[in-house]
1. Could you compute the FRET efficiency for residue B:149 and residue A:106, with r as their C-beta to C-beta distance and R0 at 56 Å, rounded to 0.05?
2. In percent, what relative contact order does chain A have, based on Cα pairs under 8 Å that are 6 or more apart in sequence?
3. Do the sum for chain B: with -39,500 (n - 2.57) for every DSSP H run of n ≥ 4, divided by all residues, what is the mean residue ellipticity at 222 nm, to the nearest 500 deg cm²/dmol?
4. Quick one: buried accessible area between B and A, total over both chains, 1.4 angstrom probe, nearest 100 Å²?
5. Considering only protein heavy atoms and a 1.4 Å probe, what is the carbon-and-sulfur percentage of the accessible area of region A:5-248?
6. Which of the lysines could a cross-linker span from residue A:157 if the Cα-Cα distance has to be under 23 Å and same-chain partners fewer than 8 positions apart are dropped?
7. Name the residues of region B:158-183 whose amide N is less than 11 Å from a point 7 angstrom out from the Cα of residue B:341 along the C-beta direction?
8. Give me the percent of DSSP beta bridges within the protein assembly as shown that run antiparallel, rounded to the nearest 5.
Amino acid sequence: MKLDSILIVGATSAIAEATARELIGTCRAFVLAARNRERLDAVASDLRSRGADAVFTLDYDAQRDVERDVVADAERLLGTVPDAVLIAHAVLPRHEDVVCDAKYARSVLDINTVSVLVLCTHVCRHFEWRGSGMLAVISSVAADRGRRRNFLYAASKAALDVYLDGLRLRWMATSPALRVLTIKPGYVRTPMTAHLENMPLAAQPQRVGRTIARLLRRGDCGRRYIPWWWRLVMGVVRRLPDRVLVSVQQ
Amino acid sequence: MSIRSWTGLPPAVSSHAVPLHWTGENPFDGIAGTLLARGCGRSYGDVCLPCETALVCTPCDRIRWFDRERGIVRTEAGATLGDILRTTIPAGWTLPVLPGTEHVTVGGAIANDIHGKSHHWAGTFGRWVERFELIRSDGRYLCTPNDNAELFAATIGGLGLTGIVAWAELRLVPARSAWMATQNIPFSSLDEFFEIGSRLERSAEYVVGWCDLSEPGSIRGILHASSFCEGDRRTRTPSPRFDRAPSLPFSMWSRPLIRLANAARHWSRSQRPTAREHYTQVFFPLDRIPWNRLFGRRGFYQLQAVVPARIEREGIAEICRRLWHARIPLPLCVLKRFGSIASPGWLSFPIAGTSIAVDVPNTSRARAALGTIIADVARIGGRVYPAKDALMTAEQFQRMYPDWQRLDRVRDLRCCSQFWKRVTQRTSQ
């Protein structure tokens, strides 16, 4: 699959940053979209210094610019619709703060779910019009089962999984050049998870980024757990009865 | 969280580890008490152990700017030197000063003002630092040799006590390719080492002496002299960090084994007088194995001491005699001549003379022997490297580094390391 250009939404997230670095030899042009201008510039100049040919930046606030067509913006910068789109933005709230706070919960859902799904429809339109493209979205292993301390976040990600499953089937039926990749990382040591005290089996963002870059290069299609053994772990967690899970819960 | 040094000595301390992800923030605002910037934790002693909180700077590893024409790179302080080389070598540039491992951050290299095989022409790392931004508890400072010159000189070799380096601008030197031509020249006495060494330093860019002390009374070894040569510019993926590799239950080093290993190494290298090696093989040979785990759970000491040029032969010979006398296993011994280029930092380690570095498994006999050697070195006006020390007394440190009080005055009071606590605890004045 062609991977000359990529649009990365949420480019200042640690995983997206690590992925972009790994793609430098592969992708010629990067369009980075994120909210914080200063950080966005830092990531962009890092990619340029490391040898990326063309790096563009876009200001994008998932809460404010929900319906904005970022893909069209990227198209204006690149002159063509990007070959791949990686959606990486998300927030992980402190669950105790969010569980009874409607306004906060709404903002989490707006960022993690609504903005991502709306963005996916834009991607869908552009890719289907062209007849090719790769959409990769960072979900989470948490989406596989709601747990006591993160079910709002889990629900916000589970919606992505379900949406992408359906989109994948739609595209599989139309053209092999249209791909959907659902990326499901386990715990990763990033700024998003910095407030979590207990992170069993945590991975480094560099490792996750390397894997995502490999999957993108390969044009992979499907749900992918990173590291792969989270598939086994979540397979078990999904099947545990509630009564057991409540006692081993963390 | 338990935080340990590379050698496991002094014993690991339990403290908070807070990651720093963006240099735009002032970490002092969010953390109570003292902190210590920490990179990859490759220091051999307690200079990398915090008193309260460790600020882990490795996520700040962005390269901000790389001038491919003039050879200047500006990076955040958490970038490792290996990572920088992977960017600069394909463009035909290298860092002039490289230590024995690629897992060293720019911040750590500045804080310890590290040196390398190129000291005879390049001096220390700090000489190639053009400027840097320092985050202190009261604000940010842009430091160059002219602006905030006092902070500049205090931070280079300042053991991380003057604040957090946000980014630094480094000057590079041309490298023809990623490949190096190496000469391996055996020597069988100290006199030969000095004679061949000074000859090689005139022609080769990187010179170091590997030394076999396993036979009491005999000093032999190989001088490795390398220079960049023609070839391709392909770099290699980073070597594993082995951060979570388990330790052997006890040290694998015994004197007969070392004698055997050294004989094999000496023979194989003398069979190969010239070789063409990738730069990673020349600079970072020990990165391929979890070297520190081979010394068992009790850890090991490294002693690196420099003997001033006017008495270098007698001084090094005396240190070797002490080591033989103690009958301790010495799996690694490295000799390196330092040139007369002055180091820019107040507490920089290198002085004109010859340095000896030995790795020693942790035993009571080793501690006693190293203790006497350190006392000797202090007496004759030599120095022990703070980045590799776990045994110096406060009195010895203050004698070797008379500028320590200057640093103590300039340092940020919210920065503290176990090392600084140890070597400044009681002044003998």
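1. My answer for the efficiency is 0.55.
2. Value for chain A: 20 percent.
3. Helices in chain B give a 222 nm mean residue ellipticity of -7500 deg cm²/dmol.
4. Buried area (both sides, nearest 100 Å²): 1200 Å².
5. Carbon plus sulfur share of accessible area: 54 percent.
6. Leaving aside lysines fewer than 8 places away in the same chain, those within reach of residue A:157 are A:103, A:184.
7. Hits in region B:158-183 for residue B:341 at 11 Å: B:173.
8. 60
The values are calculated or read from the model by the stated rules, or taken from the named source; none is laboratory data. On a predicted model such as this, the values are computed, not experimentally measured, just so you know. Here the Cβ is made from the backbone with ideal geometry for all residues, glycine too, and neighbour counts use every protein chain on show. Keep in mind that these areas ignore ligands, DNA and RNA; they rest on the heavy atoms of the full protein, side chains included. Shrake-Rupley method; radii C 1.70, N 1.55, O 1.52, S 1.80 Å.
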